[in-house]
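One structure is given here, and the rest of the page talks about it.
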Amino acid sequence: MQPSPTAATDRGTGPDAELAVYLAAHSSPAACADALIRDGDGRVLLVDPTYKDGWDLPGGMLEDEEPAAGMVREVREELGLDVRPGRLLVMDTVPATVYGRTILAFVYATEPVGAPDGGFRLQAEEIREARFCAEPEALALVPDELARRLAGALAADRTGTTAVLRHGFPVQRAARA
């Protein structure tokens with residue numbers, strides 16, 4: 001259902017106020033944003049989360065914030081590392097049939113970094129370990145769904161594109177006429 005602009009105007013609140021109320025109450029997908037962080041040798045930074053099986057990219061769930069800002073916040077919280085978001089590499093839609101709710105997953109490139117002096121400051125309740133891995137090792141360590149997303153991010157990083165995925169698989173785009 002779409003808001004009625006005239007109803008808001010009749011109440012004197014304006015159409016933007018009604019739209020804000022409508023959007024605030026609207027169900028929405030969950031969203032997460034991860035970082036493709038490489039070191040000077042091109043290795044990929046992975047984290048070993050305490051709350052799920054398998055390795056993961058640094059990042060996490062958004063908290064009513066822009067995806068790039070959420071990625072920066074999550075990396076800082078998890079690793080004590082400040083990164084600058086670069087290009088959007090992946091937009092992956094995980095359908096509600098997988099986890100009971102649609103999830104939008106973003107992966108951003110970051111500038112190459114090294115571990116901070118003294119190592120990463122791991123958020124102990126969430127992260128067991130963090131390490132840089134060669135691409136083949138990184139793809140083998142992460143769960144299958146994330147391996148597909150990471151492969152998409154690596155390919156997009158090499159080609160200067162953005163991968164549009166559905167549960168890690170490329171979305172077929174209609175041919176232009």
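Of all residues in the range 53-93, which are part of a loop (DSSP other than H, G, I, E, B), touching a residue at least 40 places away in the same chain (Cβ under 8 Å) and either on the phi > 0 side of the Ramachandran plot or not hydrophobic (A, V, I, L, M, F, W, C) (or both)?
Listed by number, the residues that qualify are Asp53, Gly54, Pro58, Gly80.
Within the range 42-52, how many residues are assigned to a strand (DSSP E or B) and either on the phi > 0 side of the Ramachandran plot or among the β-branched types (Val, Ile, Thr) (or both)?
Going through the range 42-52 one residue at a time, the tally reaches 2.
Taking the range 1-49 on its own, how many of its residues are over 20 Å from Gly114 (Cα atoms) and at pLDDT below 95?
Within the range 1-49, residues that are over 20 Å from Gly114 (Cα atoms) and at pLDDT below 95 number 30.
When you scan the range 118-130, do you find a residue that is assigned to a loop (DSSP other than H, G, I, E, B), touching a Leu at 6+ places or on another chain (Cβ under 9 Å), open to solvent by 30 Å² or more (accessible area, probe 1.4 Å) and of a type in the set (A, V, I, L, M, F, W, C), even just one?
Checking the range 118-130: at least one residue is assigned to a loop (DSSP other than H, G, I, E, B), touching a Leu at 6+ places or on another chain (Cβ under 9 Å), open to solvent by 30 Å² or more (accessible area, probe 1.4 Å) and of a type in the set (A, V, I, L, M, F, W, C).
Please indicate, with yes or no, whether at least one residue in the range 32-52 is surrounded by 13 or more Cβ atoms within 10 Å (Cβ to Cβ), out of contact with any Gly (no Cβ under 9 Å at 6 or more places or on another chain) and without any contact (Cβ under 8 Å) to a residue 40 or more places away in the chain.
No, that holds for no residue.
In the range 67-99, how many are under 22 Å from Val164 (Cβ atoms) and over 14 Å from the mean Cα position of the chain (by Cα)?
Going through the range 67-99 one residue at a time, the tally reaches 5.
Would it be correct to say that Val113 is over 15 Å from the mean Cα position of the chain (by Cα), assigned to a loop (DSSP other than H, G, I, E, B) and among the hydrophobic types (A, V, I, L, M, F, W, C)?
Here the answer is yes, as Val113 does meet what is asked.
Rundown of residues vs (1) modelled with pLDDT under 95; (2) loosely packed, with under 14 Cβ neighbours inside 10 Å; (3) charged (D, E, K, R), yes/no style:
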{"residue": "Cys133", "(1), (2), (3)": "no, no, no"}
{"residue": "Glu145", "(1), (2), (3)": "yes, no, yes"}
{"residue": "Thr159", "(1), (2), (3)": "no, yes, no"}
{"residue": "His167", "(1), (2), (3)": "no, no, no"}
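Return the residues of the range 96-114 that are open to solvent by less than 70 Å² (accessible area, probe 1.4 Å) and either among the charged types (D, E, K, R) or within 16 Å of Leu36 (Cβ to Cβ) (or both); say none if nothing qualifies.
Across the range 96-114, the qualifying residues are Ala105, Phe106, Val107, Tyr108, Ala109, Thr110, Val113, Gly114.
The conditions are (1) open to solvent by 30 Å² or more (accessible area, probe 1.4 Å); (2) outside any loop (DSSP other than H, G, I, E, B), and Gly152 fails exactly one of them. Which is it?
The single condition Gly152 does not satisfy is (1).
I'm trying to understand the selection: among the residues of the range 53-84, which are farther than 17 Å from Ala105 by Cβ, open to solvent by less than 30 Å² (accessible area, probe 1.4 Å) and in contact with a helix residue (DSSP H, G or I) (Cβ under 8 Å, 6 or more places away or on another chain)?
Residues satisfying the conditions are Leu81, Val83.
Restricting to the range 132-177, give me the number of residues that are in contact (Cβ under 8 Å) with a residue 40 or more places away in the chain, out of contact with any Leu (no Cβ under 9 Å at 6 or more places or on another chain) and among the basic types (Lys, Arg).
So the answer is 1.
The values are calculated or read from the model by the stated rules, or taken from the named source; none is laboratory data. None of these values were measured; they are calculated from a predicted model. Because the Cβ atoms are built from the backbone with ideal geometry, glycine has one as well, and the counts that use them run over all protein chains shown. Ligands, DNA and RNA are stripped out before the accessible areas are found, and what is left, the full protein with its side chains, is counted by its heavy atoms. Shrake-Rupley method; radii C 1.70, N 1.55, O 1.52, S 1.80 Å.
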